[in-house]
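Structure record follows, encoded as structure tokens.
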Amino acid sequence: MNPWMCIVMCGCQAVAPPPPATAPPPAVVQPADRDSADAILDRMEVQGRTLKEFTAAASMEKFEALTEEREIRRGRVVVVGPSGAAREIAVIFDETIDSSGRGSTDSRLFLFSAGWMSEFDMQRKQVVRRQLARAGETFDPLRVGEGLFPVPLGQPKADVLREFTVSLGAIPSAPFFKSLIEGDRASTIGGGERGNLIALRMVPRAGTTMARDTAAIVMVMQSDTLTPRAVEVEAVNGDRTRVLLRSAAMNQGLDEAARTLLRGPSTDGWKIDSRPLP
């Protein structure tokens with residue numbers, strides 16, 4: 001029975017006259033948990049609309065489950081502009097360390113701009129340009145389920161939830177993230193019950209493009225600013241790609257080194273391979 005109907009019927013059966021009506025007590029509004037997965041996605045969407053630039057030193061580890069071999073690359077990442085077609089991204093890796101610990105210089109720059117991805121091989125002086133979107137089409141290299149880097153930096157909440165089930169997670173317990181884990185533990189000891197990092201675990205929904213190859217993505221951020229600190233992508237075959245970001249800065253301007261990366265090198269005399277969409 002409808003509870004309001006029950007109140008009316010019980011009142012009609014009473015013999016004594018009802019007491020004077022009094023105003024109901026004000027509803028108690030519980031504050032939203034700003035660290036819930038849902039609230040974090042809301043904050044990330046707002047962040048995306050106000051993002052001007054993001055820079056960080058980047059280290060990437062590729063781990064193969066079958067051979068247990070690791071390869072580490074070190075470099076820098078620069079992101080300019082809010083989410084959408086106007087966003088530009090430069091990622092450079094200029095040092096490689098193989099499983100034996102031997103280092104080498106193999107400088108490669110990946111530049112995303114105006115619907116094109118350009119891969120510059122500095123040693124061989126060649127560049128491959130691939131068109132990812134036609135003029136007028138919206139393409140964001142970070143867009144979940146669409147871009148090449150599935151990191152929801154400033155992504156619309158509805159887009160994230162359409163592609164993933166999202167929950168709170170933990171920093172992956174990998175040696176590659178040792179400095180991050182120890183730093184968060186130190187902040188917990190010095191500042192109270194929780195550290196200064198939060199993590200989201202995103203599992204691709206069945207039937208999506210990412211579900212074919214990806215088992216889960218964990219993204220680690222600063223709890224106050226949501227500045228990205230680390231990402232782990234777990235493939236369905238057990239392989240893992242881990243990214244650790246240091247000296248991350250958001251909306252603090254670009255130095256000349258970052259601007260140089262976004263411009264890309266001069267390609268005079270280079271071999272150029274251009275691959276437009278059909």
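Assuming R0 = 41 Å, can you tell me the calculated FRET efficiency for the pair THR165 and LYS125, based on Cβ-Cβ distance, to the nearest 0.05? Let's see the in-between values first.
Working: r = 45 Å, r/R0 = 1.10.
Calculated value: 0.35.
Residue separation times 0.36 nm, minus the C-alpha to C-alpha distance between SER107 and ASN251: what's the value? Working shown, then result.
Values: separation 144, 0.36 × 144 = 51.84 nm, distance 2.68 nm.
Once the chain is fully extended between SER107 and ASN251, it gains 49.2 nm.
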Can you list the HN-Hα couplings for the stretch 260-265, worked out from phi with the Karplus curve (6.51, -1.76, 1.60; θ = phi - 60°), rounded to whole Hz and with x for Gly and Pro? 5, 4, 5, 6, x, x
Sites ALA135 and SER179, calculated FRET efficiency, Cβ-Cβ separation with R0 35 Å, nearest 0.05: 0.20
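Using 0.36 nm per residue, how much length does the chain from GLU95 to TRP270 gain when fully extended, once their Cα-Cα distance is taken away?
Working: separation 175, 0.36 × 175 = 63.00 nm, distance 2.18 nm.
In short, 60.8 nm is gained.
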Extension gain (nm, one decimal) between ALA39 and ASN237, 0.36 nm per residue minus Cα-Cα: 68.1 nm
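Neighbouring Cβ atoms within 10 Å as the yardstick, rank SER83, SER99, SER266, SER113 fewest first.
On the way: SER83 24, SER99 13, SER266 7, SER113 18.
Ordered by Cβ neighbours within 10 Å, fewest first: SER266, SER99, SER113, SER83.
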What distance in nm lies between label points placed 7 Å from Cα along the C-beta direction at THR225 and THR67? 3.9 nm
Can you tell me, using C-alpha contacts under 8 Å and at least 6 residues apart, the relative contact order of the stretch 159-278 as a whole percent? 18 percent
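Where a number appears in this text, it was derived from the coordinates with a stated rule and is not lab data. This one's a predicted model, so the numbers in the text were calculated from it and none came from an experiment. Cβ atoms come from the backbone with ideal geometry, glycine included; neighbour counts cover every protein chain shown.
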